[in-house]
1. Scan region 66-120 for residues that are polar (S, T, N, Q) and open to solvent by 70 Å² or more (accessible area, probe 1.4 Å) and jot them down.
2. For region 175-194, how many residues are open to solvent by less than 90 Å² (accessible area, probe 1.4 Å) and closer than 25 Å to Cys158 by Cβ?
3. Given the criterion out of contact with any His (no Cβ under 8 Å at 6 or more places or on another chain) and either surrounded by 14 or more Cβ atoms within 10 Å (Cβ to Cβ) or in contact (Cβ under 8 Å) with a residue 24 or more places away in the chain (or both), identify the matching residue among Ile54, Ile44.
4. Just to verify a result, which residue in region 121-151, among those that are farther than 28 Å from Glu220 by Cβ and acidic (Asp, Glu), is modelled with the highest pLDDT?
5. What number goes with the only condition from (1) closer than 30 Å to Lys124 by Cβ; (2) loosely packed, with under 13 Cβ neighbours inside 10 Å that Asn206 does not pass?
6. Could you list, in sequence order, all residues of region 209-226 that are assigned to a helix (DSSP H, G or I) and open to solvent by 90 Å² or more (accessible area, probe 1.4 Å)?
7. Between a first residue in region 147-174 that is open to solvent by 60 Å² or more (accessible area, probe 1.4 Å) and a second residue that is in a helix (DSSP H, G or I), which pairs have beta carbons less than 6 Å apart while being 6 or more apart in sequence or on different chains?
8. Which one of the conditions (1) open to solvent by 50 Å² or more (accessible area, probe 1.4 Å); (2) farther than 30 Å from Glu194 by Cβ; (3) under 21 Å from the mean Cα position of the chain (by Cα) does Ala143 fail to meet, given that it meets all the rest?
Amino acid sequence: MEQKHTRQEKMEAFGRLLDVMDRLRVECPWDRKQTNDSLRPNTIEETYELCDAIIRDDQREICKELGDVLLHIVFYSRIGEEKQEFDIADVCNKLCDKMIFRHPHVYGEAVAKSAEEVLDNWEKIKQKEKDGNKTVLSGVPAALPSLIKAYRIQDKACHVGFDWEKKEDVWAKVHEELKELETELQHEDKVRSEQELGDFLFSIINAARLYKLNPDNALEMTNQKFIRRFSYIEQHSIKAGRSLADMTLEEMDDLWNQAKQQEQSINKS
């Protein structure tokens, strides 16, 4: 681990980043050419790369990817300054003002004894802000991936009282939606089946939320597990000089179980 830096060193490092950005924006043809629109796809990519590093718990990569995301924040702020609309100081000050306003239990006289109480007050406080969301769900970005969006709108609704009285009650809804999906699949109605599939997935995500599980993290862990095990099958087929298409399902299942057993052995050790 690198040596812990003082507050002064941190401030100097941030100032150095601003100096580098200022120079690149003037002297580098590529950096000079960029706009908000041209940077946006790269920003999305960098955010996903940071998320990937976090899922893998790779601290070195997290540090690196945080730098890439920070670069984009500084870049957008520099463009805003050139347009004489805002600069990085405005970004920081607005963020500080917002966080202070939303934490009256820290900066004011309000009391919040748990993280749950803080979250319960969060949406109510946002409604009071001058530029706050006009409706409960208006703060959920339309461009969010559907799975994350479903979790966020459920989470926002629950903080204003629209939720199950007991978390166990959600399972009746899950079973109901699964039954409706099975019915439409039997009818071979693709449109209705897709609608019911959406309802079923929404209910599963709701159950995950109630049990304080992150469905996006859970699904990604399963994605990575599938990739590892399928890669194991593929590697063995290559060593045997065979194509996956030539292998029987039983042979692939045997290799899959081998990969599973190896993972379990590693996890126990």
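1. If the condition is that a residue be polar (S, T, N, Q) and open to solvent by 70 Å² or more (accessible area, probe 1.4 Å), then Gln84, Asn93 are the ones that fit.
2. Number of matching residues: 5.
3. When all the criteria are applied, what remains is Ile54.
4. Only one residue tops the list, namely Glu129.
5. Condition (2) is where Asn206 drops out.
6. Met221, Phe226
7. Once the first residue is open to solvent by 60 Å² or more (accessible area, probe 1.4 Å) and sits in region 147-174, its partners that are in a helix (DSSP H, G or I) give Trp164/Val170; Lys167/Leu210; Lys173/Ser203.
8. (2)
The values are calculated or read from the model by the stated rules, or taken from the named source; none is laboratory data. Nothing here was measured: the structure is a model prediction, and the numbers come from that model. With ideal geometry, Cβ positions are generated from the backbone for all residues, glycine too; neighbour counts draw on all protein chains shown. In case anyone asks, the SASA skips ligands and DNA or RNA and just uses the protein heavy atoms, side chains included. Shrake-Rupley method; radii C 1.70, N 1.55, O 1.52, S 1.80 Å.
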